[in-house]
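Participant: Okay, handing you the structure first.
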Amino acid sequence: MGEEIRRFTHLPSDRAPGPDYSGPGVEAELTGRMPESRPAERPERPERHERPARLERLERGGGPYDDLYTARASSARGKVASDDGMLDVRVKAPGELGGPGGATNPEQLLAAAYASCFHNSLTLVAGRQGVRTCDATVETSVTLRKRGTADDYTIATDLTVRLPGVEPAAARRLVEQAHGECPYSRAFLQGAEVHVHLA
């Protein structure tokens, strides 16, 4: 489509009807069944910080969010792993950043996660409208940026969506709706709730 997906900015009121979450929610909406799961045990955490005013405003618009699933991972000794062992990889800085390369890095992991999440959201919104997207692809790039000489870093993301066989106007509408619903897109656009604890 040749257009920058990042310029599509939506408020919650612009979103198509349906759940925010696009993991098991895709299966639930397309099959009518939620996958079986056990509630995750929540570890005790230090006292929570006050919620940012922006998040409070979002919650007041449609009520508070419900926790559906929590992913947990840790980083130690040059490796990142999820608590269930499904993800277990070495991490090294790429050569472009002065590292040895030869392993994945945080930017690649984020790009992969964003591409997968956006693809799920695209499948969800297309399924509601009866549009087949089995040949769709989502390519994501994550760029690490630095400003000045101080340690002032940020990241930029760029998504390219291909929807073979879908009429261009319909494809644009689906991509806009997916961008408005994808939890990762919303986190980048609206800000994510973040709590940092010292154990």
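A short reminder: the numbers here are calculations on the coordinates, not readings from a lab. Quick caveat: nothing in here was measured; it's all calculated off a predicted structure. Cβ atoms come from the backbone with ideal geometry, glycine included; neighbour counts cover every protein chain shown.
Participant: Quick check on segment 76-181: what does the Kirkwood estimate of hydrodynamic radius come out to from the alpha carbon pairs, in Å?
Facilitator: After inverting the mean inverse Cα-Cα distance, the result is 16.1 Å.
Participant: So what are the ³J(HN,Hα) numbers for segment 166-175, from phi and the Karplus equation (6.51, -1.76, 1.60; θ = phi - 60°), rounded to whole Hz, Gly and Pro as x?
Facilitator: My calculation for segment 166-175 gives 9, 4, x, 5, 5, 5, 4, 4, 5, 5 Hz in order.
Participant: Kindly write out, for segment 189-199 in residue order, the coupling ³J(HN,Hα) from the Karplus curve 6.51 cos²θ - 1.76 cosθ + 1.60 (θ = phi - 60°), rounded to whole Hz, with x marking Gly and Pro.
Facilitator: Per-residue couplings from phi come out as 6, 10, x, 9, 6, 10, 10, 10, 10, 9, 7 Hz.
Participant: Compare the Cα positions of 136, 117, 97 along the charge dipole of segment 95-199 (+1 at Cβ of Lys, Arg; -1 at Cβ of Asp, Glu; about the Cα centre) and return the one farthest towards the positive end.
Facilitator: Positive-most Cα among the choices belongs to 136.
Participant: Amide H to amide H under 5 Å from residue 79: which residues, 5+ apart in sequence or cross-chain, H placed 1.01 Å off N in plane?
Facilitator: 91
Participant: Taking the highest mean first, how do the peptides 184-191, 89-96, 68-75 order by number of other beta carbon atoms within 10 angstrom per residue?
Facilitator: Result, highest mean first: 184-191, 89-96, 68-75.
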